[in-house]
1. Does residue 132 satisfy being within 13 Å of the ligand (Cβ to nearest atom) and in contact with a strand residue (DSSP E or B) (Cβ under 6 Å, 6 or more places away or on another chain)?
2. Going by the structure shown, is residue 3 under 19 Å from residue 211 (Cβ atoms), buried (at least 21 other Cβ atoms within 10 Å of the Cβ) and more than 10 Å from the ligand (Cβ to nearest atom)?
3. Mind telling me which of the residues 218, 188 ends up being within 10 Å of the ligand (Cβ to nearest atom) and either closer than 22 Å to residue 98 by Cβ or under 16 Å from the mean Cα position of the chain (by Cα) (or both)?
4. Residues that are in contact (Cβ under 8 Å) with a residue 60 or more places away in the chain, at least 3 per element: which strands (runs of 3 or more DSSP E) completely within the stretch 114-229 meet that?
5. Among what's in the stretch 79-89 and is within 14 Å of the ligand (Cβ to nearest atom) and in contact (Cβ under 8 Å) with a residue 12 or more places away in the chain, pick the residue that is surrounded by the fewest Cβ atoms within 10 Å (Cβ to Cβ).
6. Please enumerate the residues belonging to the stretch 44-60 that are more than 10 Å from the ligand (Cβ to nearest atom) and either at pLDDT below 95 or touching a strand residue (DSSP E or B) at 6+ places or on another chain (Cβ under 8 Å) (or both).
Ligand SMILES: CC(C)(COP(=O)(O)OP(=O)(O)OC[C@H]1O[C@@H](n2cnc3c(N)ncnc32)[C@H](O)[C@@H]1OP(=O)(O)O)[C@@H](O)C(=O)NCCC(=O)NCCS
């Protein structure tokens, strides 16, 4: 038993799949029984129905990209920060929505990965003040009015992907305004406004709007890698 694949992409930051989540819990449990490892299944069975759907979907998607990379991995259980535990030398990330789970993975022992998916539709709440720096707000305000909500959501999505790739280095909550992103033609330039003792980091991002979705990826490494300290 697998889940329907809606996107199957080779992106600059790795292989990426998106899968449709089952509607019923019975189907989620059936998928869990046929695809997940026993430890993963045990974890899934302890979750609420709502959480089980997305958690199982994320694991099925991640297992699929790891298989496609030829990577054998043990149970993909959450680490203490909530990210999936990965084999050494593998960088990967998961994102999901109510109906969809996405995973991104690459063979890379030096740079981490983050992925985020959003439904590209207006939100009830305007999150721009929480998500954007003053400079980003100005740039978004200069866009045609109809495009603004989607432009805010795009920056939100890119920052979530960055957060997932950055967290393994910092192990702390990083507020949205501690990072600025400047999307341009499918990639966004990134500026960090972190604590003086943090970083420096190299960050690359990609984004696309496809099939009513925004899909963002991030790749982060230490800029000091290989340098003597
Ligand atoms: C952790 C966070 C990014 C997760 O986002 P979300 O809205 O729950 O939704 P998503 O579906 O996109 O992502 C969930 C997945 O993220 C992954 N994840 C959770 N915590 C993580 C962490 N600390 N590091 C990396 N990945 C993490 C998990 O795989 C999780 O799915 P799973 O529990 O089913 O395995 C978000 O809740 C958060 O705390 N953000 C911090 C603020 C931020 O984004 N700042 C941006 C500036 S850097």
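1. Working: within 13 Å of the ligand (Cβ to nearest atom): yes; in contact with a strand residue (DSSP E or B) (Cβ under 6 Å, 6 or more places away or on another chain): no.
Against the criterion (within 13 Å of the ligand (Cβ to nearest atom) and in contact with a strand residue (DSSP E or B) (Cβ under 6 Å, 6 or more places away or on another chain)), residue 132 does not qualify.
2. So residue 3 fits the description; yes.
3. 218
4. The strands (runs of 3 or more DSSP E) meeting that bar are 201-210, 213-222.
5. So the first thing to find is which residues in the stretch 79-89 are within 14 Å of the ligand (Cβ to nearest atom), and the list is 79-86.
Still in the running and in contact (Cβ under 8 Å) with a residue 12 or more places away in the chain: 81, 83-84, 86.
Details: 81: 11, 83: 17, 84: 19, 86: 21.
The qualifying residue surrounded by the fewest Cβ atoms within 10 Å (Cβ to Cβ) is 81.
6. 60
Residues checked against (1) surrounded by fewer than 20 Cβ atoms within 10 Å (Cβ to Cβ); (2) within 20 Å of the chain's Cα centre (by Cα); (3) more than 8 Å from the ligand (Cβ to nearest atom); (4) at pLDDT below 95:
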site	(1), (2), (3), (4)
121	yes, yes, yes, yes
145	yes, no, yes, yes
148	yes, no, yes, yes
164	no, yes, no, no
179	no, yes, no, no
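The values are calculated or read from the model by the stated rules, or taken from the named source; none is laboratory data. All values reported here derive from a predicted model rather than from experimental measurement. As a convention, Cβ positions derive from the backbone with ideal geometry for all residues, glycine included, and neighbour counts pool all protein chains shown.
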